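**Student:** Mind having a look at this structure? Questions to follow.
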């Protein structure tokens, strides 16, 4: 059994046992069960409990455990617990959360509740939270933490180590130490490793790295994730427009960003917008309302396909067999277009297409579509002739397949670029939309080619 499978089995065991213990009112047993369990696994176990038991399970945790577990809970569970906690309990838990996690919670809460919680925070935590709340959503400013260790380049190694001892408990990271000048501008970075192996009297200016990779507060969070990945960093300093150090984005935050962005893109590719909410915790009315928008657009678009087919009634009456190949052509065109749109959207998200440009990408996909169409077209011509014995119909289907494959590849690769140019998410140019558009035009192409080949 793999390590991942063992962890999954352990989490399921904890969930089932915790539920049984709480149902039997064995609170001491439930408390003992959670002692050796990791905070993230405790959070998942609490999320799976009935709402009435979530508060009971959470109260069994020690204060330190509760603070850590709370940060891992889904936002909907966090909100539910806030409504049931006493004011003092809310203040203690929220006050001890890291500022970036606290901001993510506040983003999900009503403004009135946020104001109440801000009033209960300590002055230092309120200032840190207000700082992050002042930045736009999905930017480095909103996901950074202001809990870092800042040093002056005149500090010696021994002075720096003493400062780390004093501030380590209040800082989210200590493996990177940031050096600033008198204006708080970032001028260098020192790793904890370099600090430990250096002589005690050596000034930081002699051991720090001056070529620092940093980002600005308004940098998009996806760009933040790509920067950390590109340079293999554990943390990334964030500076304002005057290059003053204001925060740090850590790798654990980036993992969360990557997961959220990937989830949003996957949903968008399926024609579904969740606005960052957990799809499986949304009520069914909200699910239906968000899904029906795209489905309604596709329904209207598909009526054009039906209209084109009905307009070719005279042709179909003369050569009925033409109707048998419509599903084959539309299905293949939709699949080719979906493939092209998927690789282009992914390439746009990872910046793999920056060096190529739209023209080269679309041209490359058009050639790929032509090759795919030619390969499939030859097979279809042979197969259609074998089934029907009508060479003209078989050739019509084959030529149409080539044209539709090229059309689908061009549409699937170019429309995401168009959406990005218009300032929209390229993932919105999803596979269902491209499939439907290709169906409409593909059917029109098929009937016109058939008329020419059959001389009707």
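**Student:** Report those helices (runs of 4 or more DSSP H) wholly inside the range 117-170 carrying at least 1 residues which are outside the structural domain of residue 92 (by TED's automatic domain parsing) and modelled with pLDDT of 85 or more.
**Tutor:** Working: elements: 123-133, 140-143, 157-167.
Correct list: 140-143, 157-167.
**Student:** I'd like the residue in the range 171-202 that is touching a residue at least 40 places away in the same chain (Cβ under 8 Å) and either not in a loop (DSSP other than H, G, I, E, B) or not assigned by TED's automatic domain parsing to the domain that holds residue 237 (or both) and, out of all such residues, is nearest to residue 250 (Cα to Cα).
**Tutor:** In the first step, residues of the range 171-202 are kept if they are touching a residue at least 40 places away in the same chain (Cβ under 8 Å); the result is 172-173, 175-176, 178, 180, 183-186, 189, 198-202.
Those still in the list that are either not in a loop (DSSP other than H, G, I, E, B) or not assigned by TED's automatic domain parsing to the domain that holds residue 237 (or both) too: 176, 178, 180, 185-186, 189.
Numbers: 176: 10, 178: 14, 180: 19, 185: 20, 186: 17, 189: 15 Å.
That would be 176.
**Student:** Does any residue of the range 437-456 turn out to be farther than 16 Å from residue 343 by Cα and not in a helix (DSSP H, G or I)?
**Tutor:** Yes, because at least one residue in the range 437-456 is farther than 16 Å from residue 343 by Cα and not in a helix (DSSP H, G or I).
**Student:** So, one more: Being surrounded by 19 or more Cβ atoms within 10 Å (Cβ to Cβ), in the same structural domain as residue 447 (by TED's automatic domain parsing) and not in a helix (DSSP H, G or I) is true for just one of 322, 348, 353. Which residue is that?
**Tutor:** Going through 322, 348, 353 in turn, the sole match is 353.
**Student:** So which residues in the range 324-362 are within 22 Å of residue 377 (Cα to Cα), touching a helix residue (DSSP H, G or I) at 6+ places or on another chain (Cβ under 7 Å) and without any contact (Cβ under 8 Å) to a residue 12 or more places away in the chain, if there are any at all?
**Tutor:** None; the set is empty.
**Student:** May I ask you to say which residue of 363, 334, 398 is assigned to a helix (DSSP H, G or I) and more than 31 Å from the chain's Cα centre (by Cα)?
**Tutor:** Values: 363 fails: more than 31 Å from the chain's Cα centre (by Cα); 334 fails: more than 31 Å from the chain's Cα centre (by Cα).
After ruling out the rest, the residue left standing is 398.
**Student:** Inspect all residues belonging to the range 392-401 and state whether any of them is in the same structural domain as residue 445 (by TED's automatic domain parsing), without any contact (Cβ under 8 Å) to a residue 40 or more places away in the chain and out of contact with any strand residue (DSSP E or B) (no Cβ under 6 Å at 6 or more places or on another chain).
**Tutor:** Keep residues of the range 392-401 that are in the same structural domain as residue 445 (by TED's automatic domain parsing), which gives 392-401.
Subsequent filtering for residues that are without any contact (Cβ under 8 Å) to a residue 40 or more places away in the chain retains 394, 398.
Add one more test, that the residue is out of contact with any strand residue (DSSP E or B) (no Cβ under 6 Å at 6 or more places or on another chain), and what stays is 394, 398.
Yes; the residues of the range 392-401 include at least one that is in the same structural domain as residue 445 (by TED's automatic domain parsing), without any contact (Cβ under 8 Å) to a residue 40 or more places away in the chain and out of contact with any strand residue (DSSP E or B) (no Cβ under 6 Å at 6 or more places or on another chain).
**Student:** While we're looking at this one, here's another question. Between 224, 213, which is at pLDDT 90 or above, assigned to a loop (DSSP other than H, G, I, E, B) and in contact with a strand residue (DSSP E or B) (Cβ under 9 Å, 6 or more places away or on another chain)?
**Tutor:** Being at pLDDT 90 or above, assigned to a loop (DSSP other than H, G, I, E, B) and in contact with a strand residue (DSSP E or B) (Cβ under 9 Å, 6 or more places away or on another chain) holds for just one of 224, 213, which is 213.
The values are calculated or read from the model by the stated rules, or taken from the named source; none is laboratory data. If you're wondering where the values come from, they're calculated on a predicted model, not measured in any experiment. For neighbour counting, all protein chains shown are included, and Cβ atoms are generated from backbone atoms with ideal geometry for every residue, glycine included.
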